[in-house]
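Please treat every number below as a calculation from the coordinates, not as lab data. Being a predicted model, the structure only gives us computed values, none of them experimental. With ideal geometry, Cβ positions are generated from the backbone for all residues, glycine too; neighbour counts draw on all protein chains shown.
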Protein chains: 2
Amino acid sequence: MHRFLLEQAELSTPGVIRIQGEEARHAVRVRRLREGEAVQVLNGRGTAADASVLAMDPKGRWVDIQGDQGVRIEPARPRLEVCCPPPKGDRLGQLIDTLSQVGAASWRPLRCDRGSKTPPPNKIERLARVAGEAAKQCGRAWVLRIEPETDFDAALLPEQGGRVIVGDSSGSDAGATGGAPVRLLIGPEGGWTPGELERARAAGATIARFGVHTMRIETAALGAAAILLSNATIPGDPRNTQAEAHP
Amino acid sequence: MHRFLLEQAELSTPGVIRIQGEEARHAVRVRRLREGEAVQVLNGRGTAADASVLAMDPKGRWVDIQGDQGVRIEPARPRLEVCCPPPKGDRLGQLIDTLSQVGAASWRPLRCDRGSKTPPPNKIERLARVAGEAAKQCGRAWVLRIEPETDFDAALLPEQGGRVIVGDSSGSDAGATGGAPVRLLIGPEGGWTPGELERARAAGATIARFGVHTMRIETAALGAAAILLSNATIPGDPRNTQAEAHP
């Protein structure tokens, strides 16, 4: 099913929506949508509407769709924020793409003792586009948010409360968490310093191990997110009902 | 720490080992090893030996290292076999690389109703190299094995016994498994057919859900492997002891 991401759309009433720009061009020229085809519209902020293609410009300058009234879908629970140093090159985009698929709520670049370079503003902008594309691909009603950089000590004290879990091989095995928000901290490839681990324990963070081998940042972050979200739910999502039918 | 992978080495006695070819060139010209530097030698079949650099050819044609007697390290438990259709292009290499880091024992291309193309022999050979490089990077004593292709019905009946887990959004939430071997089946991006799911249930397989969103093959396989291996251990690995010290 083809999905459109229209961040400005409220989708509060049914009606005709005209799609232009790159979203229209891609739908017509690459995906080759046909009239009458069922599609979906997301606003990336929790509203999704079923729709069908009414008409389109053969050159892809516009597509008109008839949209139903949007349905509100809550974000996945637990809310998982991932903080880690940005991996190099393409691996940063892969991290955002895969964290989107696995259901993380947000990502934040983390500055820590063994260093990490802040991604430049144009890279951050590109990451927001990656998150938007991933939301369309995997049908997320909420786009993964790219948050401002934080340093390790500030990351230990989330403004909105919730548990802080620090990935480290010295911790005990991690498992699924309950419904409360979780902030996950994954360290640089050189590992945390002893001082950082001490400050994490002093701040009440849980030190948890997410695998038996040394992993690269983006693999550790994805694996850890998958484990922490392994019993996540999306209130109101039909897939929950399906899952409950085969306990 | 730099690691050498020498698949022919037995490492049963201490002694001088001469490394040649690409392994030597890379160590001298790219990693710029120095005399006296501590390194490790793996044979990819469960033996690891600490070693130090004795001498090297400045052009990288050879490196001599003094190796200790090798230590036997058991494979990670549970033994996890992953079967899935090969994702396209680079994503297949990424799958093998990340499954290696997360601790899967083997990967097998899976043929299923919604199709999958068998990777050509030269690609399979390249995957074995990817698995070897990943083992060096993450310090695995056992290289992830690339197994021959299987079809869905044969995959439901593992020759060596153990549980079969089929990933599907209709299943209940998956969690860590015990120590018994597990075969994990991840479907194509179009999903399983109803017939496949029925045959899986009839064969006694567990249908399990590994995430709230639709995922690409390689993301689903990695996330599911991370969840199933989240309390894995490596008998004899010093990292287990460390983990037990902070319960």
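Considering only A:V212, A:V41, A:V143, the mean-square fluctuation computed in a Gaussian network model of chain A, springs between alpha carbons under 10 angstrom, is largest for A:V212. Distances between placed amide hydrogens fall under 5 Å for B:E37 paired with B:V53, all partners being 5 or more residues away or on another chain. Note on region A:2-72: Rg/Rh from C-alpha atoms, Kirkwood Rh, equals 0.94. Principal-axis analysis of the Cα atoms of chain B puts helix B:217-228 at an angle of about 80° to the longest axis.
Against the main long axis of the alpha-carbon atoms of chain A, helix A:90-102 sits at an angle near 80°. Computed from the C-beta positions of B:R91 and B:R129 and an R0 of 22 Å, the FRET efficiency is 0.85 to the nearest 0.05.
Starting from the Cα gyration tensor of region B:1-128, take the square roots of the eigenvalues, sort them a ≥ b ≥ c, and report rounded, prolate or oblate (rounded when a/c is under 1.5, otherwise prolate if a/b is larger than b/c, else oblate). Prolate, because a/c is 1.5 or more and a/b exceeds b/c. The three principal axes of the C-alpha atoms in chain A carry coordinate ranges of 62, 44, 31 Å, sorted with the longest axis first. Mind checking the mean number of beta-carbon atoms from other chains within 10 Å of the Cβ atoms in B:198-208? Shielding by partners across B:198-208 averages 1. Mean residue ellipticity at 222 nm, helices only, chain B: -8000 deg cm²/dmol; runs of at least 4 DSSP H residues each add -39,500 (n - 2.57), and the sum is divided by the number of residues.
Along chain B, the longest continuous region that contains none of the GluC sites (Glu not before Pro) in a DSSP loop with at most 13 other C-beta atoms within 10 Å is B:36-158. Across the identical copies, the label point of B:G162 (7 Å from Cα in the Cβ direction) is separated from its matches by 3.5 nm, in order from shortest.
Around the amide H of A:D113, modelled in the peptide plane, lie the amide H atoms of A:T193, all under 5 Å away and 5 or more residues distant in sequence or on another chain. Of the trypsin sites (Lys or Arg not before Pro) found in region A:6-78, the ones in coil according to DSSP and having at most 16 other Cβ atoms within 10 Å of their Cβ are A:R31, A:R32, A:R34, A:K59, A:R61.
Based on Cα contacts under 8 Å between residues 6+ apart, chain A shows a relative contact order of 20 percent.
Of all DSSP beta bridges confined to chain A, the antiparallel ones make up roughly 45%. Share of antiparallel DSSP beta bridges in the protein assembly as shown, in percent to the nearest 5? If I count the DSSP bridges inside the protein assembly as shown, around 45 percent turn out antiparallel.
Taking a straight line from the alpha carbon of A:K88, these aspartates and glutamates sit under 12 Å away, with near neighbours fewer than eight places off in the same chain left out: A:E189, A:E218.
Structural size metrics of the protein assembly as shown, computed from C-alpha coordinates, are Rg and Dmax of 24.0, 78 Å.
A point 7 Å from Cα along Cα→Cβ stands in for A:P119, and the other copies hold the same point at 2.8 nm, listed in rising order.
Amide hydrogen proximity for A:F4: with H placed 1.01 Å from N in the peptide plane, the residues at 5 or more positions away or on another chain lying under 5 Å are A:Q40, A:V41, A:L42. Annotation: Cα Rg of region B:120-166 relative to the compact-globule expectation 2.2 N^0.38 Å equals 1.43. Note on chain B: with a GNM built from Cα contacts shorter than 10 Å, the maximum mean-square fluctuation among B:S170, B:S100, B:S12 falls on B:S170.
Mean-square fluctuations from a GNM of chain A, with a 10 angstrom spring cutoff on Cα atoms, peak among A:D151, A:D50, A:D90 at A:D90.
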